[in-house]
Amino acid sequence: MVVKMRLARFGRRNQPFYNIVVTQARTARDSRPLEVIGTYDPIPKGDSYDTSGKLHKDIKLDKRRAQYWVGVGAQPTETVWRLLSMIGILQPKVNPPLPKQRAVPKWTGLFDTKKAPASKKPNAPPPQPN
Amino acid sequence: MAPRLRSGGNGLSPLLLTCVEGLSQRGGSRPLAGLTAIIQNQSQRITTPRSSSRSPPCSAPFSTSAPCELNREQRRMWAWLRGQGKKFKTAPDPDQPGPDGDTARGNGGGPNYVGSFDGTQVFRNNKLFKSEPVLSEKARDAIFSAVVEDQLPLKAVSQKFGVDMRRIAAVVRMRSIERNWIASKKPLAKPYQRAVLAMLPQADLNPGEMPFEPINDIHVHMATMQQLFHPTSESRHFTRRDAAKAFGAHTLPPDHKLRIPEMIDLERKLASGVPSEEAHDEFVAQTARTEASRAKRLKGRRTMAELNRTRVATDRFEFRFENFNSSAVGRTGRGRTAVGWRYGVPSHDRKPDQVKIPTKME
């Protein structure tokens, strides 16, 4: 059974508020967890007397407990991993690059009188007419 | 069309017709033209010589109608015209103070309302809507300059003007917002302000006037409303602090609940004969000291809070991570200051007596 560090959604409709929890993977999202180690408010807020318009997000996290659970092998979800990497408990997750999409040849009509357009790849060989 | 009135038994009836015609023809510009006509005619009538010594003074010489003794309603009308109604004889001049001496009502003279108007009535036809006096623009400017330009402590400004500290803070905040708006060339709602302030009674906070509001009132705690019989030895010096302890473990004595406790020393000095200027200077110095120490404590608290905080700036937002102890959940695990949304607790959003709006400035 995997112990996960994830977000449990509370708050109101269109106004989410998350508890950062440590719980078994197969339990319901909002059920009582093993431990609540913090909160995450995803809605950015401004400061009262700041006129620059800068926004911030408030997160409460028990660093000590987060380090412990990471140390004993709890698996954080994508968002929790991102938050933990911001404060240095984990390395930032580097996702592999997405596969590049090949250039689709342009449709020039049923009777292909014109030559097929050259490929966009710089070192690719010219297309052979079939 | 003037209404027809019964004549006979009343020598004033043709004059009353004239009065009503005068009112309907001339409209509102000279409302009392007819009434002044009555007064003039009556005086003329009284001075004309009588044909017979037996006929009463106000009847026509040739008339055999009954004497025109005024009935109750007419007597009351004349009494009012000579008394309260005197101020309505001439239209008010906007450049002069009004008949009730109120110059602070917008444009000087102001309207002349029939009926009692003690200045607290905001709407003419609604006697039940009474307003407390509101700070005038002059008063607000004085408060702002005392706090920002003279740099007086808030408590001293509150005592000087007799205005609550929270209201002074609100005035300073609003005035600084107004200044920012003027600097950034935003339009201000000046006509609206003039109209609303003209409807309300205003206070200029002139020295020597009644204090604007109580500034040092103590909130009465519910625990202290109970009558207690606390046995204690006669030799014991039972203080207010002991009384507060008797009411409850965490109840504070009144000395600690005063908003401006320095005023007690000020009043004691004034009562014992210390010159007023010296006592006030000492009061201002004392309040400056207490406010400086409070500011230092707040700064220390903020520095300690910042030690627990990590700020990470990304290209869009700043993420503020606050470190805390997740084990600090109180004796039952349900501490009020514990972090996290509670499990199994229903939402109180639909409960009627919940305060759902901000209750303080942050």
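A short reminder: the numbers here are calculations on the coordinates, not readings from a lab. Quick caveat: nothing in here was measured; it's all calculated off a predicted structure. Counting neighbours? That spans all protein chains shown, and the Cβs are built from the backbone with ideal geometry, glycine included.
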- Query: Under unit Cβ charges (Lys, Arg +1; Asp, Glu -1), what dipole magnitude, rounded to 20 debye, does the range B:222-309 have relative to its Cα centre?
  - Reply: 720
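Where Rh denotes the Kirkwood radius from the mean inverse Cα pair distance, what is Rg over Rh for the range B:278-362?
Ratio of gyration radius to Kirkwood radius for the range B:278-362: 1.14.
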- Query: If each of B:Arg167 and B:Tyr343 carries a label point 7 Å out from its Cα toward its Cβ, how far apart are those two points in nm?
  - Reply: 5.1
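Rounded if a/c is under 1.5, else prolate if a/b beats b/c, else oblate: with a ≥ b ≥ c from the C-alpha gyration tensor eigenvalues square-rooted, which is chain A?
Working: a/c = 2.94, a/b = 2.18, b/c = 1.35.
Judged from the Cα gyration tensor, chain A comes out prolate (a/c at least 1.5, a/b above b/c).
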- Message: Expected output is a single nm value to one decimal: the length gained when fully extending between B:Phe238 and B:Glu137, i.e. 0.36 nm times separation in residues minus the C-alpha distance. What is it?
- Response: 31.5 nm
- Task: Based on other C-beta atoms within 10 Å, arrange A:Tyr49, A:Tyr68 from fewest to most.
- Result: A:Tyr49, A:Tyr68
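With the cut-off at 1.5 for a/c, could you classify the range A:37-98 from its C-alpha gyration tensor as rounded, prolate or oblate?
Values: a/c = 3.01, a/b = 1.61, b/c = 1.87.
Oblate, because a/c is 1.5 or more while a/b does not exceed b/c.
To the nearest 0.05, what FRET efficiency results for A:Val3 and A:Lys45 with a Förster distance of 45 Å applied to their C-beta separation?
Details: r = 32 Å, r/R0 = 0.70.
It comes to 0.90.
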- With label points set 7 Å from each Cα along the Cα-to-Cβ direction at A:Asp58 and B:Thr332, the distance between them in nm comes to 2.5
- Could you work out the local net charge near A:Val36, counting Lys and Arg as +1, Asp and Glu as -1, over the other residues with Cβ closer than 11 Å to its Cβ? +2
- Rg ratio (alpha-carbon, reference 2.2 N^0.38 Å) - the range B:108-260: 1.50
- Message: To make sure I understand, if each residue's beta carbon is the centre and we count other beta carbons within 10 Å, what order do B:Val312, B:Val345, B:Val274 fall in, fewest to most?
- Response: B:Val345, B:Val274, B:Val312
- Task: Going by C-beta contacts inside 10 Å, put B:Leu270, B:Leu152, A:Leu110 in order with the fewest on the left.
- Result: A:Leu110, B:Leu270, B:Leu152
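Cα gyration tensor of the range B:222-309, axes a ≥ b ≥ c as square roots of the eigenvalues: rounded (a/c below 1.5), prolate (a/b > b/c) or oblate?
Working: a/c = 3.15, a/b = 1.15, b/c = 2.74.
In terms of gyration-tensor shape, oblate.
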- Item | Karplus-derived 3J(HN,Hα), 6.51/-1.76/1.60, for each residue of the range A:76-90, Hz, glycine and proline x | x, 7, 3, 5, 5, 4, 4, 5, 5, 5, 5, 9, x, 6, 10
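With Cβ to Cβ distances under 13 Å as the rule, what net charge do the other residues near B:Arg241 carry (K, R +1; D, E -1)? Intermediate values should be presented prior to the final figure.
On the way: positive: B:Arg236, B:Arg240, B:Lys245, B:Lys257; negative: B:Asp242, B:Asp255.
Taking every Cβ under 13 Å from that of B:Arg241, the sum is +2.
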- Report, in whole Å, the centroid distance computed from the Cα atoms of the range A:1-46 and the range A:55-108. 16
- Message: Can you give the local net charge around B:Glu282? Use residues other than it whose beta-carbon is closer than 14 angstrom to its beta-carbon, Lys and Arg +1, Asp and Glu -1.
- Response: -2
- Item | Estimated inter-spin distance, A:Gln91 and B:Asn126, nm [label 7 Å along Cα→Cβ] | 7.1
